[in-house]
1. Relative to the first principal axis of the alpha-carbon coordinates of the chain, what is the inclination of helix 105-120, with its axis defined by its Cα atoms, in degrees from 0 to 90 and to the nearest 10?
2. Equivalent ellipsoid semi-axes for the chain, as square roots of 5 times the alpha carbon gyration tensor eigenvalues: give them largest first, rounded to whole Å.
3. Nearest 10 degrees, 0 to 90: what angle lies between the long axis of helix 5-15 and the longest principal axis of the chain (Cα atoms)?
4. Hey, what D do you get for the range 105-247 in µm²/s if you plug the Kirkwood alpha-carbon radius into Stokes-Einstein at 10 °C and 1.306 mPa s?
5. Using a 10 Å cut-off around each Cβ, can you sort 69, 123 from fewest to most neighbouring Cβ atoms?
6. Using only the alpha-carbon atoms, how far is helix 164-185 inclined from the longest principal axis of the chain? Give it as 0 to 90 degrees, nearest 10.
7. Translational D (Stokes-Einstein, µm²/s) of the range 40-123 at 37 °C and 0.692 mPa s when Rh comes from the Kirkwood sum over C-alpha pairs?
8. If packing is taken as the mean number of other Cβ atoms within 10 Å per residue, what is the order of 141-149, 124-132, highest first?
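What follows draws every value from the coordinates through simple rules; no lab data is involved. Just so we're clear, the structure is a prediction, and the values are computed from it rather than from any experiment. All Cβ positions, glycine included, derive from the backbone under ideal geometry; neighbour counts span all protein chains shown.
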Ligand SMILES: [Zn+2]
Ligand SMILES: [Zn+2]
């Protein structure tokens, strides 16, 4: 048995004819040198062969396109090139290939939007911004959501993103920070009064929880609600960052 013609075509198309490890073309000097390498070997005592559960050995899912050199490396070093590692190499390679060659206007607009957003929003400083939670937050934390709406004005028709996964991850981020903004600002806000629970510091750059003004029970409750919201912010930050690094490598975060 071997890979079906359909699966082989899929493997080659998604890898764009390049070794998934070194990105060299598998058609070189007029010769085809590509190899459809098994991730889980055909034989049970072959490379990674013991991992087979319900793996369909002769499927696209169980193959990775490699040059002859890397095929032999991958099969010699099965402790290093584990099943999970090979699958992640393949996923990253395929994502990078499609990212680099998608020159459609839609993608260009998304990239411009993302570059503008990451440049001005302070996205990269989110871990710092949340680092002193739940007692202290910088006033600038509002920029995470504010710059999203500004970028939407500067780049009309980009949002909703054509990339559904990106759209979902971005909205989760914005929702999480909106929730945090609400908790910090409350319903009323002017320069001195943030909410019943938070005040702006005398220097004007931090929002501080007024613990001594609040009862202990109330504080415990508030802190636990806040840390739930902050966790969501962290998670959405990590997930969006990971997705963009993997799928939009040309964007500077
Ligand atoms: Zn290679
Ligand atoms: Zn092999």
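1. Helix 105-120 sits at roughly 40 degrees to that axis.
2. Details: eigenvalues 475, 99, 36 Å².
Those come to 49, 22, 13 Å.
3. For helix 5-15, the angle is close to 50 degrees.
4. Values: Rh = 16.1 Å.
Reported coefficient: 98 µm²/s.
5. Working: 69 14, 123 21.
Lowest to highest Cβ neighbour count: 69, 123.
6. 20
7. Details: Rh = 15.6 Å.
Diffusion coefficient, whole number: 211 µm²/s.
8. Values: 141-149: 18.2, 124-132: 14.7.
Per-residue Cβ counts within 10 Å, averaged per peptide and sorted highest first, yield 141-149, 124-132.
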